[in-house]
Each structure stands twice: as C-alpha cells, then as structure tokens.
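Please treat every number below as a calculation from the coordinates, not as lab data. Just so you know, these numbers come straight off a predicted model, no measurement behind them. Positions of Cβ are backbone-derived with ideal geometry, glycine not excepted, and every protein chain shown enters the neighbour counts.
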Amino acid sequence: AKELPLSGKKVLITAGPTYEAIDPVRFLGNHSSGTMGFELAKRAANLGAKVILVSGPTYLNLEHSSVELIRVTSAREMYDACHRHYKNMDVAICAAAVADYRPKKVATEKIKKKDGDMQIELERNPDILLSLGEQKTHQFLVGFALETENELENAKGKLKRKNLDGIVLNSLKEDGAGFGSGTNKITFIDKNLHIKTFGLKTKPEVASDIWEEIISKIHA
Ligand code: PMT
C-alpha cells in the first residue's frame, strides 16, 4: 500500500472558542463553533497523522482511532493542554478563537442585579500561538488570523511576530467566511510571504486545501 502523506506525523490542533468565567453561570466567549479545527483534525487523521485535538466548548464530537480529543474550557486550560503535548509534535495548527482577556476576578456566587451600571475588570490571557512560536524547535507551526480590516498586513504581522511557518487568513468582510458551521474563504501565507488565495468552499474542502499547502512545504 502507498504510504499516506502524514504517516508517522504527530499533529496538534486547537479548535473552538474559550469561555472565560465571570461567575458560576456567566462567561465571556465568542461565536466559534469548532468546525474549522475539527475538520482539520479529521483530514489530518485521514492523511495518516496521529492527532491531538484541543477544543474549547462545542457541541461537536470526533470519534476516530487516530484522534485524541481533549476538551477544555478556558484559555489557560487550552494553553496547558497544548504545552503538555507540543514538544513531541511535528505540526501544530491553532484554529481556536481564544479569548484575549478574562475577568480578573471570578465571583464565587451568581452576581446579583443592582441599580445602575456595572463594570468587569479584565486581564490578559496568555497567547498560546505566540508561546508555541517562542518554544518552537522543529515543529511546523500554523496560525489563523481572523480579521475585519487591513487583513493582509495584520496577517503578515502575526506570521512574523509569532514565528510561524504559515498563517491562514479568513476575513469577516467576506460573505460565508469565518464563524459558523458551513463555509470559509481563506488566504494561505507562508513564511516567505508567498500568498495563495482560495475560493469560497465548505470547511472540509478548506481543511483539505490547508493540509495540501502544509504537506507541500514539509516535504519540500
Ligand atoms: O470554529 P468555526 O465556527 O468553524 O470558525 C472558525 C474560525 C473563524 C474561529 C477560525 O477559522 C479562525 O479564524 N480561528 C482563529 C480566530 C482568532 O482568534 O484569530 P486571531 O486573529 O484573534 O488570533 C490569531 C491566532 O492566534 C489564531 O491562530 C489563534 O488561535 C491564536 N491565539 C490568539 C489569542 C490567544 N490568546 N491565543 C492564541 O493561540
């Protein structure tokens, strides 16, 4: 039998949103469904890889003998899960929409409604992708950029600043791109700033395009 292009490779993928607790019943979160990351994991497994999929809260499930699904809630839990496995990985892709901030204090009881406005003080979460870039030894590291303006410039900035081998840009300005379960429209930028733009496709197709880009570069 012909060897699959990712046989023997270990792959780490982040997916979904993170939830940052405000109190026992409330959180800060975002609209990520997890679909993009789950499709990347599925595709990698079908191409022969062993996959660790670290996902924030989502209704999705993935049962595949080559995928270990680790469910987390907050950015800090996602950070810890990623760093437990990163050293042994060959490829890492961060498709999660990680909250940049978390409430500074988490109330132990449900916060009661009072007259007037209220404020929640926020503090920075760790940037998981940035930390993976800093600790990179041999891994091929790919990030995502979800942008609403100056898309290409911002994506290139993230590529350099986070020491990435590639970045997948999706723009909320494009219809059918970004959050949700259906479709996406991406631009792949490699570390030599070669840019490849794809049409609107289903997320399984987008996952397949991303893996084709990565495989052509790791085998080059
Ligand atoms: O889940 P879906 O509904 O299918 O939607 C898919 C998606 C839109 C969430 C996905 O395609 C996507 O764009 N994911 C990245 C979203 C994001 O948070 O982008 P960003 O530009 O803010 O972050 C840049 C990169 O840094 C991303 O790879 C992100 O995973 C990573 N990051 C960001 C902040 C942080 N604290 N830690 C990180 O690792």
Two-site label geometry, residue 80 and residue 63: point separation in nm, points 7 Å out along Cα→Cβ: 2.8
At residue 114 and residue 173, where each label point lies 7 Å from the Cα along Cα→Cβ, what is the point-to-point distance in nanometres? 4.3
Each label point is 7 Å from the Cα along the Cα-to-Cβ direction; what then is the distance between the points at residue 3 and residue 122, in nm? 4.7
Can you bin segment 23-99 into rounded, prolate or oblate? Criterion: square roots of the alpha carbon gyration tensor eigenvalues sorted a ≥ b ≥ c, rounded for a/c under 1.5, prolate for a/b above b/c, oblate for the rest. prolate
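Once you've got the Cα coordinates, tell me which of 158/201; 104/185; 42/158; 42/104; 42/162; 50/173 are over 29 Å apart.
From the list (158/201; 104/185; 42/158; 42/104; 42/162; 50/173), the Cα-Cα distance tops 29 Å for 104/185; 42/104; 50/173.
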Starting with the highest mean, order 106-114, 31-39 by the number of other Cβ atoms within 10 Å, averaged over the residues of each peptide. 31-39, 106-114
Please compute, over every Cα-Cα pair in segment 114-220, the percentage with a separation greater than 17 angstrom. 59
How much length is gained if the chain between residue 71 and residue 152 is pulled fully straight, taking 0.36 nm per residue apart and subtracting their Cα-Cα distance, in nm to one decimal? 26.0 nm
Per residue and in Å³, how big is the convex hull formed by the alpha-carbon atoms of the chain? 140
Do you know the relative contact order of the chain, to the nearest whole percent, from alpha carbon pairs under 8 angstrom that are 6+ apart? 19
On full extension of the chain, what length is gained from residue 135 through residue 192, given 0.36 nm per residue of separation minus the C-alpha to C-alpha distance? 18.5 nm
If you count the DSSP beta bridges with both ends in the chain, what percent of them are antiparallel, to the nearest 5? 40
